[in-house]
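See below for the structure under consideration.
The values are calculated or read from the model by the stated rules, or taken from the named source; none is laboratory data. What you see is a predicted model; the values in this text were computed from it and never measured. So basically every Cβ, Gly included, is an ideal-geometry build from the backbone, and we count neighbours across all protein chains shown. Areas reflect the complete protein model, heavy atoms only, side chains present, ligands, DNA and RNA absent. Shrake-Rupley method; radii C 1.70, N 1.55, O 1.52, S 1.80 Å.
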Amino acid sequence: MKKTLSAIVLIVVINLFAGSVSGQNKNFEKIFEKETSGSKVVESTKFNNISTLSFYPDTLPNWFFTPPESSLNGIYAIGISDPDMEPTKAKEMAIHRAKAMASICLNAKLQYFRDVYTSVKESGRYTDYRQRFDTYFKISSLSKINDESFAVIDSHMTRYNESMILIKYTPNQTRAIQDKLLSVVGTVLYVEAQLDDAFEVQAEYELLSAFRQPEKNIQSAHYLYREKGNDFLSNSEYLNSVIDFPVYIYKYASPNWNENTRPLVSYNGLWSKFTREFLRNLTLTTEQTKTKIKSLGEKYNPEISNLTREIVSYKAQLKLNGIVFERDSMKLNLSVNEIISEK
């Protein structure tokens with residue numbers, strides 16, 4: 001069922017950026033309700049590669065919270081595997097994800113639009129006020145790379161068999177014969193609906209990366225996370241295989257904390273928290289940049305309604321300056337510098 005769900009999600013995302021607005025929102029709601037209806041966060045201990053579980057959180061290395069400073073000549077990036085993986089495969093996945101993050105930080109295209117629907121309907125002495133915000137965000141990059149451009153600087157294996165990798169990416173000025181084409185696409189769908197005082201939010205975060213080399217198989221990774229209220233749904237694939245891991249109370253701590261500090265908790269592992277915060281942070285940052293606003297329609301009597309669209313599109317370089325755990329959430333300090341094209 002997960003493979004079918006993944007295919008449906010990809011179709012939804014494609015339609016989303018092709019301009020299909022009303023239909024895809026309904027599809028999103030139907031799929032989410034079907035997959036999460038009646039679901040609760042239930043802890044599971046059916047691990048395949050972990051024999052002993054500890055009550056204590058995993059203490060992450062300092063370089064995760066304070067990575068080395070990146071520059072155009074050397075970009076540092078972090079990759080994290082899914083939980084409960086065989087160590088060799090976990091490291092392979094973490095390196096793949098780290099390379100994708102390094103590539104997207106060097107040269108990314110950010111696209112954003114937000115549709116605002118507003119309606120006011122008079123009914124006797126009462127006014128029915130409705131508003132909905134549909135936010136669509138996409139970050140993408142396409143670059144030529146070769147393996148010699150990447151070096152593993154440090155690594156860490158968590159208590160939950162998650163491989164964490166710190167790499168340094170040094171872009172080569174001269175192209176090698178064994179160049180690979182690396183494409184990375186991250187998307188966000190964020191829907192907020194308000195009816196008078198009632199407010200509902202649902203979101204979808206997706207990251208897809210693929211290495212392509214002539215006459216060789218494509219090496220791809222796909223991660224999807226959906227949330228609505230307290231319900232969530234995640235799906236991970238690597239090299240065309242679904243990666244299964246338990247829903248569990250994964251706990252993480254900083255080496256600089258006091259002993260009684262509450263750990264960060266994630267039910268889907270650390271990569272889930274990282275990618276969600278990475279894409280959410282970029283969505284909010286892009287929203288605050290130079291936004292173009294246009295009206296898409298108005299209607300009067302018997303109700304007043306209108307639709308406006310906010311649009312942003314530009315290229316940028318990203319830099320991860322640091323990570324902080326706050327109140328059971330992960331906060332990324334990201335710098336987004338627009339690339340000014342020469343005329």
Can you give the extra length, in nm with one decimal, that the chain gains between T88 and A193 once fully stretched, where that is 0.36 nm per residue apart less the Cα-Cα distance? 33.4 nm
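At R0 = 25 Å, how high is the FRET efficiency between L239 and E338 if r is their beta carbon distance? Nearest 0.05 is fine. Mind showing how you got there, number by number?
Numbers: r = 35 Å, r/R0 = 1.39.
Efficiency at R0 = 25 Å is approximately 0.10.
Keeping all protein chains in place, calculate the accessible area per residue for the stretch 191-238 (probe 1.4 angstrom), answer in Å².
I get 48 Å² per residue for this part.
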Determine the dipole magnitude for the stretch 220-288: charges of +1 sit on the beta-carbon of Lys and Arg, -1 on that of Asp and Glu, nothing else is charged, the reference point is the Cα centre, and the result goes in debye to the nearest 20. 120 debye
Rg and Dmax of the stretch 47-105, using alpha carbons, in Å: what are they? 14.2, 43
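Accessible area per residue, 1.4 Å probe, Å², for the stretch 51-156: what's the number? Intermediate results must be reported in sequence, preceding the final value.
Working: 4930 Å² over 106 residues.
Per residue, the stretch 51-156 has an accessible area of 47 Å².
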For a 27 Å ceiling on Cα separation, which of these pairs sit above it: K251/K315; K46/K331; K180/K331; K46/K89; K144/K331? K251/K315; K46/K331; K180/K331; K144/K331
